[in-house]
Amino acid sequence: MKPDWKDAPEWANYLAMDEDGYWCWYLRKPIREDDCWCGGEKFEFAKLTRVYWKDSLEKRPSDSTSSDDV
């Protein structure tokens, strides 16, 4: 199960999971590399789960209070 946006840091605009099952919050949109999402300027670990990681990137829902900078 993925982390819930209600638990996201206020600065987070994206959420994605790496191949190893670790979810991270990102400030800027990360770029998918071989087995992980990279970049995103600022990030924070969110949770460990198992899903197909390459399909995991999502943008913060628009009804959130944080603004998107990309």
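Test of understanding: extend the Cα→C-beta vector of residue 45 to 7 Å, then name every residue of segment 1-30 with backbone N under 11 Å from that spot.
22-24
Give the cross-link partners of residue 47 among the aspartates and glutamates, using a straight C-alpha distance below 14 Å as the criterion and excluding same-chain residues fewer than 8 apart.
Those aspartates and glutamates meeting the cut-off are 4, 7, 18, 19, 20.
Heavy atoms only, probe 1.4 angstrom, no DNA, RNA or ligands counted: give me 10, 19, 44, 58 ranked by accessible area, highest first.
From most exposed to least exposed: 10, 19, 44, 58.
Determine ³J(HN,Hα), in whole Hz, for all residues of segment 27-34 in sequence, where each value follows from phi through the Karplus function 6.51 cos²θ - 1.76 cosθ + 1.60 and θ = phi - 60°; x replaces Gly and Pro.
6, 10, 4, x, 10, 6, 10, 4
Between residue 28 and residue 10, what length comes free when the chain is fully extended (0.36 nm per residue of separation minus the Cα-Cα distance, one decimal in nm)?
Extending this stretch completely gives an extra 5.2 nm.
The values are calculated or read from the model by the stated rules, or taken from the named source; none is laboratory data. Predicted model, so just to flag it, every value in this text is computed and none were measured. Glycine gets a Cβ as well: all are built from the backbone with ideal geometry, and neighbour counts include every protein chain shown. For accessibility, only protein heavy atoms count, side chains too; no ligands or nucleic acids. Shrake-Rupley method; radii C 1.70, N 1.55, O 1.52, S 1.80 Å.
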